[in-house]
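First comes the structure, then the notes that go with it.
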Amino acid sequence: MASTKDWFETVNEAQWRAKKRLPRSVYLALLASTERGLTLSDNVGAFDELGWRPRIADLPGERDLSTTVLGHEISMPLMISPVGVQAVHPEGEVAVARAAKEEGTAMGLSAFGSKPVEEVAAANPLTFLQTYWVGSRDDILARAERGKAAGAKAFILTLDWSFASRRDWGSPPIPQKLDLKTMASFAPEVIRKPRYLATYLRHKQLPELGVPNIGAVGEEPPGFFDAYGMWMQTPPPTWDDLAWLVDQLDLPVVIKGVSHPDDARRVVDIGAAALSVSTHGGNNLDSTPGSIRSLPGVVDAVGDQVEVLFDGGIRRGADAVKALALGARAVMIGRAYLWGMAAGGEQGVRNVLSIMRSGIDETLLGLGHSSVHDVRREDLIVPAGFTRLDGEPPAAATAVAALPTTRQAPPTAHPEG
């Protein structure tokens, strides 16, 4: 089915529309990554190295995509990953939460997000609140307790960040606040994107740069850079700190950012409910292999002692099934839904989730499986050296490769998702 004005058939199409609609600074902020963009590229490109072993007869007439994460049923093994201040659409994380609820899946909300957890959890009761290790133990515990009081069902702690922010193609400016001087400086690129500007004008608001989930309810939310500065000044947590947090909370804790098998074992030791294999979207140490390369080693290290989630480079439903085949319970998407949000607001997010659902279903059909729980490593062709355990670095990539400059032609046969 070909794309229309109101519907796109692939995540690649959503990205193209997002780039066309968003001011350059906003689009580059979503693209993000660090230095040469090696990890960003490998997150996506590594999936292309994995092949399938399809079946051709006795295929199931119906497929069950549902699964559970942390005891909660979701309609497919794919969830919304928490992403910080976005400036993509006035309704922000609330609209994303509504779309996720309509599609029957969980919403990850960042503590650096632009909407308070109370509003997001009201829009989608299956909300998982995320934070970094920002502030004192008491600050972090209070943040989690606030999320629980609002109805959040789990607490995600992201730990894979080293504050590297250099990008070979240049980092976009992010304003401290939207005063008249700042708006004047950004006006030339915003005026060139009239549909983006019109969306904010219709909602009678400016992009929100505060982070309301860092502080307490009713407090004036700190600005992004204030919260970021607090984060930079907070000493990194020890394993004892993490064990303390897990012990204190009456919420399941997910440790996000794991790539080393030894860290995965420590996550089990501290009693966390789940871990997420992730490279922070390529925003950590550049040259870290793509997340999918680290997944098998982590799964082998922990077995079924902890739920293993996955985050990094998912652009189609088939990618999600590849992660399931390597042992993930479910995957999370970030940039993909943000591109959908930029392209079409809440409906654009649903569009992306629908693409993913169709891709997962089609892949199960091709493999001859009636359930996502039937997928195994034997369904994949995994090339020698895929996990980089022999010390081979990720293939060379450039930032230019990660920055599409022209619209890629859509497939001429069946739709991707």
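The values are calculated or read from the model by the stated rules, or taken from the named source; none is laboratory data. Quick caveat, the model's predicted, so the values are computed rather than measured. Every residue, glycine as well, gets a Cβ built from its backbone with ideal geometry; the counts of neighbours run over all protein chains shown. In case anyone asks, the SASA skips ligands and DNA or RNA and just uses the protein heavy atoms, side chains included. Shrake-Rupley method; radii C 1.70, N 1.55, O 1.52, S 1.80 Å.
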For region 59-102, how many residues are of a type in the set (D, E, K, R) and under 16 Å from the mean Cα position of the chain (by Cα)?
1
Counting only helices (runs of 4 or more DSSP H) wholly inside region 185-265, the ones holding at least 1 residues that are closer than 21 Å to Trp133 by Cβ and touching a Phe, Trp or Tyr at 6+ places or on another chain (Cβ under 6 Å) are 224-233
Residue count, region 323-344, condition open to solvent by less than 10 Å² (accessible area, probe 1.4 Å) and either assigned to a helix (DSSP H, G or I) or among the hydroxyl-bearing types (Ser, Thr, Tyr) (or both), comes to 9
Quick one: in region 28-46, of everything that is under 16 Å from the mean Cα position of the chain (by Cα) and not aliphatic (A, V, I, L, M), which residue is farthest from Ser370 (Cα to Cα)?
Ser33
Give region 69-108 a look and list any residue that's more than 25 Å from Gly359 (Cα to Cα) and not acidic (Asp, Glu), or say none.
Gly84, Val85, Gln86, Ala87, Val88, His89, Pro90, Gly92, Val94
Please count how many residues of region 150-170 are in contact with a helix residue (DSSP H, G or I) (Cβ under 8 Å, 6 or more places away or on another chain), crowded, with 21+ Cβ neighbours inside 10 Å and among the small types (Gly, Ala, Ser).
1
Does region 274-295 include one or more residues that are open to solvent by 40 Å² or more (accessible area, probe 1.4 Å) and without any contact (Cβ under 8 Å) to a residue 40 or more places away in the chain?
no
Cβ-Cβ below 6 Å, separation at least six or inter-chain, first residue in region 357-381 and without any contact (Cβ under 8 Å) to a residue 60 or more places away in the chain and within 20 Å of Ala46 (Cβ to Cβ), second assigned to a loop (DSSP other than H, G, I, E, B) and open to solvent by less than 20 Å² (accessible area, probe 1.4 Å): which pairs?
Gly359/Gly417
Looking at region 272-291, can you tell me whether even one residue there is on the phi > 0 side of the Ramachandran plot and touching an Asp or Glu at 6+ places or on another chain (Cβ under 7 Å)?
yes
Does Thr4 meet the test of being more than 18 Å from the chain's Cα centre (by Cα), of a type in the set (Val, Ile, Thr), more than 15 Å from Arg335 (Cα to Cα) and not in a helix (DSSP H, G or I)?
yes
